[in-house]
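First the structure, in the form of C-alpha coordinates, and then the observations on it.
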Amino acid sequence: MPTESTFLLAGLFLLLAAAGWAMGRFGERDEEDHALPLNIDYLKGLNFLLNEQTDQALEHFLAMVRVDDKTIETHFALGSLFRRRGEVDRAIRIHQNIIARPDLASEQRDQALFSLAKDYLHAGLLDRAEKLFVRLAQGSRYQVQALESLVSIYEQEKDWEKAIDAAQRLESLGGRSLALQIAHYYCELAESAAAQNDYAAARQFVKKAQAGRPRTMRGALTRAHIARESDDNKTALRLYHRIIDEHTYLIAEALPEIVATYEREGSTEGLDRALQTMLNDNPEMSGLVAYTAIVNDIGAIPIIDECVEKYILGEPTLAEFVDLHQLSQTDADSHDEALQKVRRALSKLAGATPRYQCQECGFSSQRLLWQCPSCRNWETQRPASRVQFDTVLQHSITNR
Ligand SMILES: [Zn+2]
(Lines give C-alpha, C1' and ligand atoms only; values in the text may rest on other atoms or scores of the structure.)
Protein backbone atom coordinates (compact mmCIF):
# COMPACT_ATOMS: atom_id res chain seq x y z
CA MET A 1 0.00 0.00 0.00
CA PRO A 2 1.39 3.44 -0.90
CA THR A 3 1.77 5.54 2.25
CA GLU A 4 0.70 9.16 2.65
CA SER A 5 4.36 10.12 2.27
CA THR A 6 4.46 8.47 -1.14
CA PHE A 7 1.54 10.61 -2.26
CA LEU A 8 3.10 13.69 -0.71
CA LEU A 9 6.37 13.21 -2.55
CA ALA A 10 4.55 12.25 -5.74
CA GLY A 11 2.71 15.58 -5.47
CA LEU A 12 6.03 17.40 -5.10
CA PHE A 13 7.52 15.65 -8.10
CA LEU A 14 4.49 16.64 -10.15
CA LEU A 15 4.90 20.22 -8.97
CA LEU A 16 8.54 20.09 -10.02
CA ALA A 17 7.48 18.88 -13.44
CA ALA A 18 5.00 21.74 -13.69
CA ALA A 19 7.69 24.23 -12.63
CA GLY A 20 9.95 23.09 -15.41
CA TRP A 21 12.54 21.19 -13.38
CA ALA A 22 11.75 17.88 -14.94
CA MET A 23 12.41 19.27 -18.39
CA GLY A 24 15.75 20.66 -17.26
CA ARG A 25 14.54 24.15 -18.05
CA PHE A 26 14.47 25.70 -14.57
CA GLY A 27 16.54 28.79 -13.95
CA GLU A 28 18.04 30.40 -17.00
CA ARG A 29 15.58 29.55 -19.61
CA ASP A 30 16.84 29.02 -23.05
CA GLU A 31 14.28 29.39 -25.80
CA GLU A 32 16.13 26.81 -27.84
CA ASP A 33 15.99 24.21 -25.05
CA HIS A 34 12.28 23.47 -25.04
CA ALA A 35 12.79 20.08 -26.63
CA LEU A 36 15.22 18.76 -23.93
CA PRO A 37 14.57 15.18 -22.82
CA LEU A 38 13.15 14.56 -19.31
CA ASN A 39 15.63 15.18 -16.51
CA ILE A 40 17.24 11.82 -15.62
CA ASP A 41 17.20 12.59 -11.84
CA TYR A 42 13.54 13.32 -12.01
CA LEU A 43 12.87 9.94 -13.63
CA LYS A 44 14.95 8.16 -11.00
CA GLY A 45 12.97 9.83 -8.20
CA LEU A 46 9.73 8.93 -9.87
CA ASN A 47 10.91 5.34 -10.18
CA PHE A 48 11.60 5.13 -6.45
CA LEU A 49 8.13 6.43 -5.78
CA LEU A 50 6.52 3.90 -8.09
CA ASN A 51 8.39 1.16 -6.19
CA GLU A 52 7.18 2.72 -2.93
CA GLN A 53 10.76 3.34 -1.79
CA THR A 54 9.85 6.55 0.02
CA ASP A 55 13.20 7.03 1.76
CA GLN A 56 15.17 6.76 -1.48
CA ALA A 57 12.68 9.06 -3.22
CA LEU A 58 13.13 11.60 -0.42
CA GLU A 59 16.94 11.38 -0.63
CA HIS A 60 16.64 11.88 -4.33
CA PHE A 61 14.38 14.86 -3.92
CA LEU A 62 16.84 16.42 -1.46
CA ALA A 63 19.78 15.80 -3.80
CA MET A 64 17.90 17.12 -6.80
CA VAL A 65 16.24 20.19 -5.36
CA ARG A 66 18.95 22.24 -3.72
CA VAL A 67 17.96 24.48 -0.87
CA ASP A 68 17.92 28.01 -2.23
CA ASP A 69 15.78 31.09 -1.80
CA LYS A 70 13.21 29.78 -4.25
CA THR A 71 12.80 26.32 -2.73
CA ILE A 72 13.45 26.79 0.99
CA GLU A 73 9.79 27.26 1.89
CA THR A 74 8.93 23.99 0.13
CA HIS A 75 11.61 22.23 2.21
CA PHE A 76 10.21 23.71 5.44
CA ALA A 77 6.66 22.78 4.49
CA LEU A 78 7.70 19.23 3.65
CA GLY A 79 9.60 18.90 6.95
CA SER A 80 6.73 20.09 9.08
CA LEU A 81 4.27 17.88 7.17
CA PHE A 82 6.40 14.83 7.87
CA ARG A 83 6.64 15.73 11.56
CA ARG A 84 2.90 16.19 11.84
CA ARG A 85 2.40 12.78 10.27
CA GLY A 86 4.71 11.29 12.90
CA GLU A 87 7.48 10.55 10.37
CA VAL A 88 10.06 12.34 12.48
CA ASP A 89 13.14 10.68 10.92
CA ARG A 90 12.24 12.18 7.55
CA ALA A 91 11.48 15.59 9.08
CA ILE A 92 14.91 15.52 10.78
CA ARG A 93 16.60 14.58 7.48
CA ILE A 94 14.95 17.54 5.69
CA HIS A 95 15.79 20.10 8.38
CA GLN A 96 19.39 18.88 8.64
CA ASN A 97 19.61 19.26 4.89
CA ILE A 98 18.52 22.90 5.16
CA ILE A 99 21.04 23.61 7.94
CA ALA A 100 23.85 22.06 5.88
CA ARG A 101 23.55 24.84 3.33
CA PRO A 102 26.62 27.05 3.88
CA ASP A 103 25.21 30.41 2.77
CA LEU A 104 21.95 30.24 4.74
CA ALA A 105 20.66 33.57 6.11
CA SER A 106 20.74 33.67 9.92
CA GLU A 107 16.98 33.97 10.18
CA GLN A 108 16.47 30.88 8.05
CA ARG A 109 19.12 29.03 10.03
CA ASP A 110 17.22 29.83 13.27
CA GLN A 111 13.99 28.67 11.68
CA ALA A 112 15.64 25.40 10.62
CA LEU A 113 17.23 24.90 14.06
CA PHE A 114 13.88 25.55 15.72
CA SER A 115 12.15 23.05 13.41
CA LEU A 116 14.87 20.47 14.04
CA ALA A 117 14.58 20.99 17.82
CA LYS A 118 10.83 20.34 17.56
CA ASP A 119 11.57 17.16 15.56
CA TYR A 120 13.91 15.95 18.32
CA LEU A 121 11.30 16.78 20.95
CA HIS A 122 8.72 14.83 18.99
CA ALA A 123 11.11 11.88 18.75
CA GLY A 124 11.74 12.00 22.52
CA LEU A 125 15.40 12.98 22.04
CA LEU A 126 15.25 15.50 24.86
CA ASP A 127 19.00 16.12 25.21
CA ARG A 128 19.40 17.00 21.53
CA ALA A 129 16.29 19.21 21.59
CA GLU A 130 17.58 20.90 24.75
CA LYS A 131 20.92 21.82 23.12
CA LEU A 132 19.20 23.50 20.18
CA PHE A 133 16.63 25.30 22.35
CA VAL A 134 19.42 26.59 24.62
CA ARG A 135 21.14 28.05 21.56
CA LEU A 136 17.92 29.65 20.29
CA ALA A 137 17.10 31.00 23.77
CA GLN A 138 20.34 33.02 23.73
CA GLY A 139 18.73 35.47 21.35
CA SER A 140 16.68 34.76 18.26
CA ARG A 141 13.13 35.41 17.21
CA TYR A 142 12.34 31.99 18.71
CA GLN A 143 13.61 32.99 22.16
CA VAL A 144 10.23 32.80 23.92
CA GLN A 145 9.17 29.51 22.30
CA ALA A 146 12.61 28.05 22.98
CA LEU A 147 12.41 28.99 26.67
CA GLU A 148 8.87 27.56 26.91
CA SER A 149 10.11 24.30 25.41
CA LEU A 150 13.10 24.28 27.77
CA VAL A 151 10.81 24.72 30.79
CA SER A 152 8.78 21.74 29.62
CA ILE A 153 11.91 19.63 28.98
CA TYR A 154 13.34 20.43 32.44
CA GLU A 155 10.00 19.56 34.03
CA GLN A 156 10.07 16.17 32.29
CA GLU A 157 13.68 15.64 33.34
CA LYS A 158 12.87 16.88 36.88
CA ASP A 159 15.81 19.25 36.58
CA TRP A 160 14.21 21.85 38.84
CA GLU A 161 17.18 24.25 39.13
CA LYS A 162 17.30 24.64 35.36
CA ALA A 163 13.49 24.86 35.21
CA ILE A 164 13.59 27.77 37.67
CA ASP A 165 16.25 29.55 35.63
CA ALA A 166 14.39 29.11 32.32
CA ALA A 167 11.04 30.12 33.82
CA GLN A 168 12.55 33.25 35.38
CA ARG A 169 14.11 34.23 32.05
CA LEU A 170 10.75 33.66 30.38
CA GLU A 171 9.05 35.88 32.96
CA SER A 172 11.63 38.62 32.42
CA LEU A 173 10.78 38.67 28.70
CA GLY A 174 7.48 40.21 29.75
CA GLY A 175 5.19 37.22 29.42
CA ARG A 176 2.68 36.07 32.02
CA SER A 177 3.60 35.47 35.66
CA LEU A 178 5.00 32.01 36.31
CA ALA A 179 5.18 32.52 40.08
CA LEU A 180 3.04 29.52 40.99
CA GLN A 181 4.93 27.03 38.86
CA ILE A 182 8.30 28.44 40.00
CA ALA A 183 7.09 28.01 43.61
CA HIS A 184 6.34 24.36 42.82
CA TYR A 185 9.85 23.90 41.38
CA TYR A 186 11.23 25.12 44.73
CA CYS A 187 8.83 22.77 46.53
CA GLU A 188 10.14 19.87 44.44
CA LEU A 189 13.67 20.79 45.55
CA ALA A 190 12.48 21.15 49.16
CA GLU A 191 10.81 17.75 49.11
CA SER A 192 13.85 15.96 47.75
CA ALA A 193 16.11 17.73 50.26
CA ALA A 194 13.72 16.69 53.06
CA ALA A 195 13.68 13.12 51.75
CA GLN A 196 17.48 13.11 52.20
CA ASN A 197 17.06 14.51 55.72
CA ASP A 198 18.70 17.79 54.69
CA TYR A 199 16.12 19.86 56.55
CA ALA A 200 18.14 23.10 56.50
CA ALA A 201 18.25 23.08 52.69
CA ALA A 202 14.58 22.06 52.53
CA ARG A 203 13.59 25.05 54.70
CA GLN A 204 15.55 27.41 52.46
CA PHE A 205 13.76 26.10 49.36
CA VAL A 206 10.37 26.41 51.08
CA LYS A 207 11.20 30.01 51.95
CA LYS A 208 11.87 30.74 48.28
CA ALA A 209 8.68 28.91 47.28
CA GLN A 210 6.66 31.08 49.62
CA ALA A 211 8.15 34.34 48.36
CA GLY A 212 6.02 34.36 45.20
CA ARG A 213 2.35 35.15 44.66
CA PRO A 214 -0.01 33.36 44.27
CA ARG A 215 1.36 31.24 47.07
CA THR A 216 1.12 27.48 47.22
CA MET A 217 0.45 25.70 50.52
CA ARG A 218 2.61 22.83 49.33
CA GLY A 219 5.65 24.40 51.02
CA ALA A 220 3.75 24.48 54.31
CA LEU A 221 3.03 20.75 53.91
CA THR A 222 6.77 20.11 53.56
CA ARG A 223 7.53 22.26 56.63
CA ALA A 224 4.84 20.44 58.61
CA HIS A 225 6.32 17.12 57.51
CA ILE A 226 9.80 18.24 58.62
CA ALA A 227 8.37 19.40 61.97
CA ARG A 228 6.73 16.00 62.48
CA GLU A 229 9.92 14.17 61.61
CA SER A 230 11.80 16.42 64.07
CA ASP A 231 9.27 15.65 66.84
CA ASP A 232 8.09 19.26 66.86
CA ASN A 233 4.41 18.31 67.05
CA LYS A 234 3.27 21.79 68.07
CA THR A 235 4.64 23.40 64.91
CA ALA A 236 3.37 20.51 62.78
CA LEU A 237 -0.19 20.88 64.09
CA ARG A 238 -0.15 24.67 63.77
CA LEU A 239 0.94 24.31 60.13
CA TYR A 240 -1.58 21.58 59.26
CA HIS A 241 -4.42 23.68 60.66
CA ARG A 242 -3.22 26.72 58.75
CA ILE A 243 -3.09 24.67 55.55
CA ILE A 244 -6.73 23.64 55.98
CA ASP A 245 -7.74 27.22 56.88
CA GLU A 246 -6.22 28.59 53.69
CA HIS A 247 -7.13 25.76 51.31
CA THR A 248 -10.02 23.69 52.59
CA TYR A 249 -9.49 21.03 49.94
CA LEU A 250 -6.08 20.14 51.39
CA ILE A 251 -7.89 18.57 54.36
CA ALA A 252 -7.52 15.33 52.39
CA GLU A 253 -3.72 15.66 52.87
CA ALA A 254 -3.68 17.29 56.29
CA LEU A 255 -6.35 15.46 58.32
CA PRO A 256 -4.64 12.02 58.34
CA GLU A 257 -1.43 13.78 59.51
CA ILE A 258 -3.28 15.73 62.21
CA VAL A 259 -4.88 12.53 63.51
CA ALA A 260 -1.53 10.68 63.45
CA THR A 261 0.22 13.52 65.28
CA TYR A 262 -2.36 13.68 68.09
CA GLU A 263 -2.38 9.88 68.36
CA ARG A 264 1.39 9.89 68.67
CA GLU A 265 1.06 12.40 71.48
CA GLY A 266 -1.66 10.23 73.04
CA SER A 267 -3.96 13.23 73.14
CA THR A 268 -7.37 12.19 71.79
CA GLU A 269 -9.04 15.02 73.74
CA GLY A 270 -6.75 17.48 71.98
CA LEU A 271 -7.80 16.07 68.61
CA ASP A 272 -11.44 16.22 69.59
CA ARG A 273 -11.13 19.83 70.69
CA ALA A 274 -9.22 20.90 67.58
CA LEU A 275 -11.71 19.28 65.21
CA GLN A 276 -14.67 20.65 67.16
CA THR A 277 -13.28 24.18 66.84
CA MET A 278 -12.73 23.67 63.12
CA LEU A 279 -16.29 22.37 62.61
CA ASN A 280 -17.81 25.14 64.71
CA ASP A 281 -16.08 27.70 62.51
CA ASN A 282 -16.90 25.87 59.25
CA PRO A 283 -19.85 23.47 59.66
CA GLU A 284 -19.73 22.71 55.92
CA MET A 285 -16.39 20.94 56.49
CA SER A 286 -18.22 18.00 58.05
CA GLY A 287 -18.69 16.28 54.68
CA LEU A 288 -15.01 16.72 53.78
CA VAL A 289 -13.93 15.35 57.17
CA ALA A 290 -16.22 12.35 56.66
CA TYR A 291 -15.03 11.66 53.13
CA THR A 292 -11.37 11.95 54.13
CA ALA A 293 -11.98 9.63 57.09
CA ILE A 294 -13.74 7.06 54.88
CA VAL A 295 -11.02 7.14 52.24
CA ASN A 296 -8.15 6.92 54.75
CA ASP A 297 -9.94 4.51 57.08
CA ILE A 298 -9.75 6.85 60.06
CA GLY A 299 -12.17 5.72 62.77
CA ALA A 300 -12.86 5.29 66.47
CA ILE A 301 -12.68 9.04 67.01
CA PRO A 302 -16.12 10.22 68.22
CA ILE A 303 -16.23 13.55 66.41
CA ILE A 304 -15.07 12.03 63.12
CA ASP A 305 -17.51 9.13 63.48
CA GLU A 306 -20.31 11.66 63.94
CA CYS A 307 -19.35 13.36 60.67
CA VAL A 308 -19.27 9.97 58.92
CA GLU A 309 -22.71 9.02 60.21
CA LYS A 310 -24.16 12.35 59.14
CA TYR A 311 -22.57 11.86 55.72
CA ILE A 312 -23.93 8.34 55.29
CA LEU A 313 -27.45 9.31 56.41
CA GLY A 314 -27.43 12.31 54.11
CA GLU A 315 -26.18 10.58 50.96
CA PRO A 316 -29.16 10.28 48.59
CA THR A 317 -27.68 7.54 46.36
CA LEU A 318 -27.09 5.32 49.40
CA ALA A 319 -30.71 5.61 50.44
CA GLU A 320 -31.64 3.57 47.38
CA PHE A 321 -29.55 0.62 48.61
CA VAL A 322 -29.82 0.73 52.39
CA ASP A 323 -32.80 1.48 54.57
CA LEU A 324 -31.10 4.31 56.38
CA HIS A 325 -34.24 5.40 58.18
CA GLN A 326 -34.62 1.99 59.78
CA LEU A 327 -30.93 2.03 60.57
CA SER A 328 -31.38 5.14 62.70
CA GLN A 329 -34.29 3.53 64.59
CA THR A 330 -32.52 0.36 65.75
CA ASP A 331 -30.77 -0.14 69.10
CA ALA A 332 -27.33 1.32 69.63
CA ASP A 333 -25.26 -1.83 69.02
CA SER A 334 -26.90 -2.99 65.80
CA HIS A 335 -27.04 0.64 64.67
CA ASP A 336 -23.26 0.99 65.06
CA GLU A 337 -22.65 -2.36 63.44
CA ALA A 338 -24.83 -1.47 60.46
CA LEU A 339 -23.08 1.88 60.10
CA GLN A 340 -19.67 0.18 60.21
CA LYS A 341 -20.78 -2.14 57.45
CA VAL A 342 -21.88 0.72 55.20
CA ARG A 343 -18.69 2.57 56.04
CA ARG A 344 -16.44 -0.36 55.09
CA ALA A 345 -18.33 -0.75 51.82
CA LEU A 346 -17.93 2.97 51.10
CA SER A 347 -14.23 2.79 51.91
CA LYS A 348 -13.83 -0.02 49.38
CA LEU A 349 -15.78 1.92 46.76
CA ALA A 350 -13.69 5.04 47.36
CA GLY A 351 -10.53 2.99 46.95
CA ALA A 352 -11.72 1.77 43.56
CA THR A 353 -12.44 5.23 42.13
CA PRO A 354 -10.15 8.19 41.45
CA ARG A 355 -9.97 10.61 44.35
CA TYR A 356 -8.52 13.63 42.58
CA GLN A 357 -9.51 15.33 39.38
CA CYS A 358 -7.87 18.13 37.35
CA GLN A 359 -10.16 21.15 37.07
CA GLU A 360 -8.59 22.13 33.75
CA CYS A 361 -8.71 18.89 31.77
CA GLY A 362 -10.56 16.35 33.90
CA PHE A 363 -7.60 13.96 34.36
CA SER A 364 -8.16 11.91 37.49
CA SER A 365 -5.89 9.97 39.83
CA GLN A 366 -5.83 8.19 43.18
CA ARG A 367 -3.08 10.35 44.64
CA LEU A 368 -2.74 14.15 44.71
CA LEU A 369 -0.47 15.17 41.81
CA TRP A 370 0.76 18.76 42.02
CA GLN A 371 1.34 18.87 38.26
CA CYS A 372 -1.35 17.39 36.07
CA PRO A 373 0.35 14.75 33.84
CA SER A 374 -2.17 15.41 31.11
CA CYS A 375 -2.44 19.22 30.70
CA ARG A 376 0.85 19.95 32.60
CA ASN A 377 -0.82 22.67 34.72
CA TRP A 378 0.23 23.10 38.32
CA GLU A 379 -2.07 22.74 41.32
CA THR A 380 -5.23 22.24 39.31
CA GLN A 381 -6.28 18.96 40.95
CA ARG A 382 -9.01 18.92 43.56
CA PRO A 383 -10.17 15.95 45.62
CA ALA A 384 -13.64 14.51 45.31
CA SER A 385 -15.80 15.54 48.25
CA ARG A 386 -18.02 12.49 48.12
CA VAL A 387 -17.83 8.89 47.00
CA GLN A 388 -18.37 8.88 43.26
CA PHE A 389 -21.23 6.41 43.03
CA ASP A 390 -21.89 7.18 39.38
CA THR A 391 -18.33 6.28 38.44
CA VAL A 392 -18.41 3.11 40.55
CA LEU A 393 -21.68 1.96 39.01
CA GLN A 394 -20.40 2.79 35.53
CA HIS A 395 -17.18 0.90 36.29
CA SER A 396 -18.98 -2.21 37.53
CA ILE A 397 -21.33 -2.19 34.52
CA THR A 398 -18.52 -1.88 31.94
CA ASN A 399 -16.50 -4.61 33.65
CA ARG A 400 -19.38 -7.04 33.84
ZN1 LIG B 1 -5.08 18.63 33.66
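Given the criterion among the hydrophobic types (A, V, I, L, M, F, W, C), in contact (Cβ under 8 Å) with a residue 60 or more places away in the chain and open to solvent by 40 Å² or more (accessible area, probe 1.4 Å), identify the matching residue among LEU50, LEU121, LEU81, LEU125.
On the way: LEU50 fails: in contact (Cβ under 8 Å) with a residue 60 or more places away in the chain; LEU121 fails: in contact (Cβ under 8 Å) with a residue 60 or more places away in the chain; LEU125 fails: in contact (Cβ under 8 Å) with a residue 60 or more places away in the chain.
LEU81 is the lone residue from the list that is among the hydrophobic types (A, V, I, L, M, F, W, C), in contact (Cβ under 8 Å) with a residue 60 or more places away in the chain and open to solvent by 40 Å² or more (accessible area, probe 1.4 Å).
Is it the case that some residue within the range 273-291 is over 25 Å from ASN233 (Cβ atoms) and either free of Cβ contacts under 8 Å to residues at least 12 places away in the same chain or among the charged types (D, E, K, R) (or both)? Yes, there is a match, as at least one residue in the range 273-291 is over 25 Å from ASN233 (Cβ atoms) and either free of Cβ contacts under 8 Å to residues at least 12 places away in the same chain or among the charged types (D, E, K, R) (or both). Residues in the range 297-322 that are within 15 Å of ALA252 (Cα to Cα) and surrounded by 17 or more Cβ atoms within 10 Å (Cβ to Cβ) were compared, and the one that is nearest to the chain's Cα centre (by Cα) is ILE298.
Within the range 96-109, is even one residue under 18 Å from ASP159 (Cβ atoms) and buried (at least 16 other Cβ atoms within 10 Å of the Cβ)? Please lay out each step first, then the result.
If we filter the range 96-109 for residues that are under 18 Å from ASP159 (Cβ atoms), which is where we start, we get none.
For the range 96-109, residues under 18 Å from ASP159 (Cβ atoms) and buried (at least 16 other Cβ atoms within 10 Å of the Cβ): absent.
Among the residues in the range 158-167, are any modelled with pLDDT under 95 and either assigned to a loop (DSSP other than H, G, I, E, B) or surrounded by 21 or more Cβ atoms within 10 Å (Cβ to Cβ) (or both)? There is no residue in the range 158-167 that is modelled with pLDDT under 95 and either assigned to a loop (DSSP other than H, G, I, E, B) or surrounded by 21 or more Cβ atoms within 10 Å (Cβ to Cβ) (or both). Just to be sure, is GLU309 among the acidic types (Asp, Glu), touching a Leu at 6+ places or on another chain (Cβ under 7 Å) and assigned to a helix (DSSP H, G or I)? It is true that GLU309 is among the acidic types (Asp, Glu), touching a Leu at 6+ places or on another chain (Cβ under 7 Å) and assigned to a helix (DSSP H, G or I). Would you call TYR262 over 25 Å from GLN196 (Cα atoms) and either surrounded by 14 or more Cβ atoms within 10 Å (Cβ to Cβ) or at pLDDT 90 or above (or both)? When the stated conditions are applied, TYR262 passes them. Of all the numbered requirements in (1) open to solvent by 20 Å² or more (accessible area, probe 1.4 Å); (2) touching a residue at least 60 places away in the same chain (Cβ under 8 Å); (3) part of a loop (DSSP other than H, G, I, E, B), THR216 misses one, and that requirement is (1). Does any residue of the range 236-250 turn out to be outside any helix (DSSP H, G or I) and open to solvent by less than 30 Å² (accessible area, probe 1.4 Å)? For the range 236-250, residues outside any helix (DSSP H, G or I) and open to solvent by less than 30 Å² (accessible area, probe 1.4 Å): absent.
Sort out which residues of the range 157-192 are under 18 Å from the mean Cα position of the chain (by Cα) and of a type in the set (S, T, N, Q), and write them in order of number. Of everything in the range 157-192, just one residue is under 18 Å from the mean Cα position of the chain (by Cα) and of a type in the set (S, T, N, Q), namely GLN181. Of the residues making up the range 219-235, those that are surrounded by 17 or more Cβ atoms within 10 Å (Cβ to Cβ) and among the acidic types (Asp, Glu) number 0.
Please go through the range 356-393 and give me each residue that is basic (Lys, Arg) and either modelled with pLDDT of 95 or more or within 15 Å of the ligand (Cβ to nearest atom) (or both), ordered by number. Working first, answer last.
Quick first cut of the range 356-393, residues basic (Lys, Arg) only: 367, 376, 382, 386.
Of everything in the range 356-393, those that are basic (Lys, Arg) and either modelled with pLDDT of 95 or more or within 15 Å of the ligand (Cβ to nearest atom) (or both) turn out to be ARG367, ARG376, ARG382.
When the test is whether a residue is open to solvent by 30 Å² or more (accessible area, probe 1.4 Å) and assigned to a helix (DSSP H, G or I), ARG203 passes it. When VAL151, VAL134 are checked against the criterion of being surrounded by fewer than 21 Cβ atoms within 10 Å (Cβ to Cβ), modelled with pLDDT of 95 or more and β-branched (Val, Ile, Thr), a single residue qualifies: VAL134.
Within the range 336-355, restricting attention to residues that are part of a helix (DSSP H, G or I) and either of a type in the set (Ser, Thr, Tyr) or crowded, with 18+ Cβ neighbours inside 10 Å (or both), the residue that is nearest to the ligand (Cβ to nearest atom) is ALA350.
The values are calculated or read from the model by the stated rules, or taken from the named source; none is laboratory data. Since this is a predicted model, take the numbers as computed values, not measurements. Please note: Cβ atoms are built from the backbone with ideal geometry, for glycine as well, and neighbour counts cover all protein chains shown. Ligands, DNA and RNA are stripped out before the accessible areas are found, and what is left, the full protein with its side chains, is counted by its heavy atoms. Shrake-Rupley method; radii C 1.70, N 1.55, O 1.52, S 1.80 Å.
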